[in-house]
Amino acid sequence: QVQLVESGGGLVQAGDSLRLSCATSGRTFGNYAMGWFRQAPGKERDLLATISWDSGSLYYADSVKGRFTISRGNAKNTVYLQMNSLKPEDTAIYYCAANRQYNRLLTGIVDYWGQGTQVTVSS
């Protein structure tokens, strides 16, 4: 059974930091491109960041560039999202995602989704 499980969400104050983790199982995700999306209430799910299988290619949405950092663990089966200088507008459910092809993930096409983790930033 393929699983992507996010963790690390929570309630923080503006300016704080959080690190989200996405643990994968059931398949070797070391060869997959991985990414993070988020969805705020009443809004569409937006792509935030992506990382290629070898960490050689990275993408960040303008809304998080310079504040968020995506990375992979040494075994490449875990992906992280370090979030600094959090703002109330970062409040959303954050989803981990995977696609065998990096370019398809960049367009929002996802093979596997995690169940999401809530991040709430108070002002």
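Which length gain, in nm to one decimal place, applies between Thr28 and Ala40 when the Cα-Cα distance is subtracted from 0.36 nm times their residue separation?
Taking 0.36 nm per residue and subtracting the Cα distance, the gain is 1.3 nm.
Find out how many positive minus negative residues lie around Gly116, taking Lys and Arg as positive, Asp and Glu as negative, among other residues whose Cβ is under 15 Å from that of Gly116.
-1
Can you tell me the FRET efficiency between Gln13 and Ser55 if r is taken as the Cβ-Cβ distance and R0 is 41 Å, rounded to the nearest 0.05?
For R0 = 41 Å, the calculated efficiency reads 0.85.
Using 1/(1 + (r/R0)^6) with R0 = 25 angstrom and r between the beta carbons of Thr120 and Gln1, what's the FRET efficiency to the nearest 0.05?
Efficiency for this residue pair is about 0.25.
With a sphere of radius 13 Å drawn around the Cβ of Ser55, what net charge do the other residues whose Cβ falls strictly inside it have (Lys, Arg +1; Asp, Glu -1)? Working shown, then result.
Working: positive: Arg72, Lys76; negative: Asp54.
Result for the neighbourhood of Ser55: +1.
Please give me the summed charge of the neighbours of Lys87: other residues whose Cβ is under 14 Å from its Cβ, Lys and Arg +1, Asp and Glu -1.
Counting the neighbours of Lys87, the net charge comes to -1.
Only bridges with both residues in the range 1-120 count here: give the DSSP antiparallel percent, nearest 5.
95 percent
When the accessible area of the range 1-96 is split by element with a 1.4 Å probe, what percent falls to carbon and sulfur?
About 43 percent, which is the carbon plus sulfur part of the accessible surface.
For the chain, what does the accessible surface come to per residue with a 1.4 Å probe? Please give it in Å². Don't skip to the answer; put the middle values down first.
Details: 6260 Å² over 123 residues.
I get 51 Å² per residue for the chain.
If I model a spin label at Lys65 and Ile109 as a point 7 Å from the Cα along the Cα→Cβ vector, what separation in nanometres do I get?
Here the answer is 2.5 nm between the modelled labels.
Check cross-link reach from Lys65 to the lysines: straight Cα distance under 16 Å, and skip same-chain residues fewer than eight apart.
Correct list for Lys65: Lys87.
Using a 10 Å cut-off on Cβ atoms, rank the peptides 28-34, 68-74 from the highest mean neighbour count down.
Answer by packing, highest mean first, reads 28-34, 68-74.
The values are calculated or read from the model by the stated rules, or taken from the named source; none is laboratory data. Bear in mind the structure is a predicted one, so any value in this text is a computation, not a measurement. Heads up, the Cβs are rebuilt from the backbone with ideal geometry, glycines too, and the neighbour counts pull from every protein chain shown. For the accessible areas, the whole protein counts, side chains as well, though only heavy atoms, and no ligand, DNA or RNA atoms are used. Shrake-Rupley method; radii C 1.70, N 1.55, O 1.52, S 1.80 Å.
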